[in-house]
Each structure stands twice: as structure tokens, then as C-alpha cells.
Amino acid sequence: MNFGRFFRSTAGIALTAAFLIALPFVAAMGGQAWVRILDFAILYVFLALGLNIVVGLAGLLDLGYIAFYAVGAYAWALLASPHFGLHWPIWAILPIGAALACLAGVVLGSPTLKLRGDYLAIVTLGFGEIVRIFLNNLNSPINVTNGPQGITLIDPVSFGAFKFSGTTQIFGFALSGPQKYYFLLVALAILVIIINVRLQNSRIGRAWQAIREDEIAAKAIGINTRNLKLLAFAMGASFGGVAGGIFSAMQGFVSPESFSLIESIMILAMVVLGGMGHIPGVILGAVLLTVLPEVLRYGVGPLQMAVFGKMLVDPESLRMLVFGLALVLVMRFKPAGLWPSPERKRELQETGK
Amino acid sequence: MSANLPNPLLEAKAVAKHFGGVKALQDVSLTIRKGEIYGLIGPNGAGKTTFFNCMTGLYVPDGGGFVFDGAPLVADAPDKAAARGIARTFQNIRLFGNMTALENVMVGRHVRTKAGVLGAMFQNAATKAEEAAIRQKAIDLLHYVRIEERADDLSRNLSYGDQRRLEIARALATDPKLLCLDEPAAGMNGTETEQLRELIDGIRRDGTTILLIEHDVKLVMGLCDRVAVLDYGALVIEDVPAVVQKDQRVIEAYLGA
């Protein structure tokens, strides 16, 4: 079955749309917490697709991607909270956040142009940590980030009088805050999917893939690898910045804790586990890796009670154990990811005989 | 020795390159004329590929320089050399393995096209037209090198001979004035070499000057208009094949004195 064609057919679009619209209401039956988990799943789809440009298309292993997310989140937090007494509108903050993240991408990209693979991974990892430590310590001598306490009371996303926090009545429906954010995030995610697809099949996207495959050959046919790598970093970073802004507004609170190395690794795991460079795979990876730990969080405890009649293992540690095991198994049996691109899949089948 | 030939396309002027104490190239001067097939031969380690790499911007020469198509070639970046019209293939094939044959050739059009990120995002008319033109040109080139039926296969799954052809098609996609082939017949059998000979001859007939580095002396002598011989990084002789073949120094270089 050709999924690409299915999603482009009228019936496919209608079904997908119906599913996406119904989803937050179904999830709400289990409590608003599940809607919030959905919100995060889509936020991570957004982030993973941003990272996919850098890692999947251009082949630059970036372990500090969360730094750009942090830049976007703090940009929103500082420009729309009582911390500085600023309450700028979304159409000003979101582009500023994206631009700052983009700038951070170029700052990270320019000294690392000659690095590849493991070496690049180490430098980007360092960069991610530097940003987090900066945020942690920029509370003196001038209090910019409020240090480890973070910034609170951040403005929610709002268009004029329409706020995304709290419950509103629309056409007789009561829409909760997380449900409203869900629709905003789905709209943004669809936008980023379209951008990703279009970039992948463009002159720029092909040049990125050429650099990923063989940098020397790419140079020899006239690709300016320096500019294109910077562009990949900048593009990926701006997506991270936008996601960060929304995160900030949705949570109403940011602190450096949210931007630790494990977050970068999780996003990278989403890209790799789903199927590097293959957009549907990356989406699947992001959704699974966000939802699965939560399902385990809520499911492992009751399951033990039902099977054994008592708690044998602490659910929290079992959750991470099962999660880790699942990752190892997927990589063992599906090395190209859960949903690799057709070409990649065919090739693995050919060599696997 | 080679000064003042008519219609020069590429002139190398006393090009030198050292690797530590090894003099890989010592003051090599030669001239490639428009429309010819120019052979560069020599024993292993004679400096052929080093010369190639200096010319295409992969190495920066330690001395001397190049004049290409009437203007100095500032050979400090390969992409600039490609933009000027020098395309190359590699001794050990360097294709974009996880991209299809067609995509490989389409990437080759990069340097002659200009759609950017915004064009890709908004898919404006100019971008769409350019993309269609890129695709058509790539299909034409695959036909030209006769591997059109492999267009949608990953290039890494192509046979060895087809990979060589694909690499030539990708180089041709950059609209080169000078096509440099680094040992294109390496590892080929008699039939494949003969087909390659026809392809190279055809490319020249269609107006592209060719620089051929090759080990297969028979192929070089049969195909090239003029031949240069390198030995220990120095130019031994530059002349028509009939003269080069009889030259005592060349025989010594190849057979050992």
C-alpha cells in the first residue's frame, strides 16, 4: 500500500483530518493530562522534523539541538512575562525567537564546518550544554534569565482577545486550553511537514543529501558545502526556536532543567528510531517516543497489580527499563528505523538475504 | 615547451606541489586545447592524480598556477572550479550512494541553477519550471550515457560499469568546458572499455574538451589527440601519441631503466 498516495487522495485527507480533529476529544475522556501528552507529541514532531533537516538530510550529527529550542523558549519567556514587564504579541516574538535560534545555529555551524560524524557530535553536545549552563547562571550580575528558578507567569499564545489558556466555548463546544494548543500545534506541524517535503525534493535538499553522501564529490560538482551546511544548521535551528516559543507559552514556565542533554538525545532518537531522512518515519518516531513512556507510566503500575496482586517493581524505574529495551530491540531488528524510506528498506532487504 | 599553442583551454604554468619532503609535482607546465582529448599518463605515483586535484581545487598548489578559458583559475575551492566549467570523475568512484541515479545527475545541475530555500517552500512558477528543466536534463543525460532504465535505482546498487557512466553523466550535468576523467577504464573488461571509448569520443564530438588520466596505454594512444607523460612528478614529454610512444624516456619510465 502506498501511504504517500493515500494521504494525498481526497478520502485520505478527509480521514486523516477527521482523525486529527477527533483525537483531542477522545483523549480528553481519559483526562486533560492525555491531551497535554498529545500536545507534547506534536511539539516533538515539530522538533524532530527540524532536526531531520540537519541530521537526516544534511547528515550533520547534532547532539545539541535542544539549545535552539531553549533559545526560542527563553526568547518568548523574556519578551512575554512579568520578568521584564514585557508583553509583546505573538507575531513579534515568534519571528524574533526563530531569528535568534537561527543566529545561534550559524554561531554553532561556522566553527564546526570542517568537522563530521563523531567530532561534530562532541562539539554540538558541548554547545548544547554551554547554552543550558548560560541560562542557569545568567542571573548575576544582571538578572537576565532568573537562573535555576526559571521564569514564571509567561503569557499564553493569544491572537487579540482569543487566548489559548483556559476553557472557551466555541459553537457550543467547550474547548480546554490543551485542546486549543493541540489545534495550533497540528496546524504548525502540517506547515513544517509541507516545508520538509518541499525542501527534500528541491535543489537545496538534494545538495544537502549530496553533502551527506560524499562531501568531496559534492564539492567537485560545484556545491558550496560551507554555505549549505550553515543553511541546514540555520533552518533546523529556526524550527527549534519556534517550537521553543510555543513550549514556553504552553507551559507558562521555563527553567534550564527542561533543556538538558537527555532532551537532545531523545529528539535524535526519534529521528533515528523512526527512519532517518524519511518524513513519515520521523513523525512516527516522535509520536511513539513521546506517548510510549507516558503509557508505560500509567500502565505499568495497574498491570502489575492485576497480574501479581502487588507492586513488584517500582513503576518509574520499570518504565525506563521497558523503554530502553524497546529502543534496543527496534535498532536490532529494524536498523533503518521503524518506517524507513522505500529505497532504504529495499536496500536493506537486498543486503539482508 | 607547450607555449603559444592555438586555442588553449587550460594552461598549467609551472605547477608544483609538495607533501612534506615528497615532490609530488615539480614545475609541470602543459596546455590543453579546446576540443581535444588530452591524455595524462605515467607510472603509479607519478603525480597524475595530484595534478588533477590541484587543477580542480581539491589541493592548493605550492607553486605556479593555471589559466582556464582566458582567466586565471583561483583554485582554492572545488566548487569554484566547477562553476568555471571544470568537471571531474574520481579514480575510486564517488557517487551519492543512497540517492537514485536520476537524483545523482540532478544534483549535478546545482551549480547551473539557482532556486533557494524560499523558492522550495513557496513553489513559485520559476522554481517549478527550473525543477522540471533539471529533471528533463538529467533524464536526457541518463539516456546519453545509456543507463536510463536504471534511473530510479539507488546509485550504490548499479553495476560497476554503470556507476562509471553515471559519474560521467553527473559531471556532464554541470555543463563543463573541460571534463576530467580519472582512470575511467580502471577495472573494466575489453568490451566495457570499448564502450567507454565510444562514449568519450562522443562527448568530445559534442563539443566538450576532455582530460583523460589513464593506465590503459592502448586506450590513451587510440583515443587522445595529444598525450603528456609524468614521471616522479615531472613532465617527461607532451606530444602526439605516435611521438610519445617511441620516446626513449617514456619507455624507460614505464619499463624501468
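The values are calculated or read from the model by the stated rules, or taken from the named source; none is laboratory data. All values derive from a computational prediction rather than experimental measurement. Counting neighbours? That spans all protein chains shown, and the Cβs are built from the backbone with ideal geometry, glycine included.
Is at least one residue of the stretch A:265-281 farther than 19 Å from A:S341 by Cβ, assigned to a helix (DSSP H, G or I) and of a type outside the set (V, I, T)? Explain how you work it out, then say what you get.
Of the residues in the stretch A:265-281, the ones farther than 19 Å from A:S341 by Cβ are A:265-267.
Applying the additional criterion that residues be assigned to a helix (DSSP H, G or I) yields A:265-267.
Subsequent filtering for residues that are of a type outside the set (V, I, T) retains A:266.
Looking through the stretch A:265-281, at least one residue is farther than 19 Å from A:S341 by Cβ, assigned to a helix (DSSP H, G or I) and of a type outside the set (V, I, T).
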Quick one: which helices (runs of 4 or more DSSP H) lie wholly within the stretch B:1-120 and hold at least 3 residues that are within 8 Å of another protein chain (Cβ to nearest Cβ) and in contact with a helix residue (DSSP H, G or I) (Cβ under 7 Å, 6 or more places away or on another chain)?
B:78-84, B:101-108
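In this structure, does A:E263 turn out to be within 12 Å of chain B (Cβ to nearest Cβ) and of a type in the set (D, E)?
Considered against the rule, which asks whether it is within 12 Å of chain B (Cβ to nearest Cβ) and of a type in the set (D, E), A:E263 comes out as no.
Given the criterion out of contact with any Lys or Arg (no Cβ under 8 Å at 6 or more places or on another chain), surrounded by fewer than 13 Cβ atoms within 10 Å (Cβ to Cβ) and without any contact (Cβ under 8 Å) to a residue 24 or more places away in the chain, identify the matching residue among A:K180, A:K163, A:K114. Lay out the reasoning, then the answer.
Working: A:K180 fails: surrounded by fewer than 13 Cβ atoms within 10 Å (Cβ to Cβ); A:K163 fails: surrounded by fewer than 13 Cβ atoms within 10 Å (Cβ to Cβ).
On inspection, the qualifying residue turns out to be A:K114.
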Hey, can you tell me all the residues within the stretch A:248-275 that are touching a Ser or Thr at 6+ places or on another chain (Cβ under 9 Å), among the aliphatic types (A, V, I, L, M) and closer than 13 Å to A:G56 by Cβ?
A:M270
Here the residues within the stretch A:183-213 that are surrounded by fewer than 18 Cβ atoms within 10 Å (Cβ to Cβ) and not in a helix (DSSP H, G or I) are A:N201
Please enumerate the residues belonging to the stretch B:144-157 that are away from chain A (no Cβ under 12 Å) and at negative phi.
B:Y144, B:V145, B:I147, B:E148, B:E149, B:R150, B:A151
Within the stretch B:230-250, can one find any residue that is exposed (fewer than 15 other Cβ atoms within 10 Å of the Cβ), of a type in the set (A, V, I, L, M, F, W, C) and in a helix (DSSP H, G or I)?
yes
Six or more apart or on different chains, Cβ atoms under 9 Å: show the pairs whose first residue is in the stretch B:122-142 and without any contact (Cβ under 8 Å) to a residue 60 or more places away in the chain and closer than 12 Å to B:G108 by Cβ and whose second is of a type in the set (D, E) and surrounded by fewer than 12 Cβ atoms within 10 Å (Cβ to Cβ).
B:L142/B:E149
For the stretch A:214-227, state whether one or more residues are away from chain B (no Cβ under 12 Å) and either buried (at least 21 other Cβ atoms within 10 Å of the Cβ) or of a type in the set (A, V, I, L, M) (or both).
no
With the first residue restricted to the stretch A:12-26 and required to be outside any helix (DSSP H, G or I), and the second required to be modelled with pLDDT under 85, Cβ contacts under 6 Å at 6 or more apart or on different chains are none
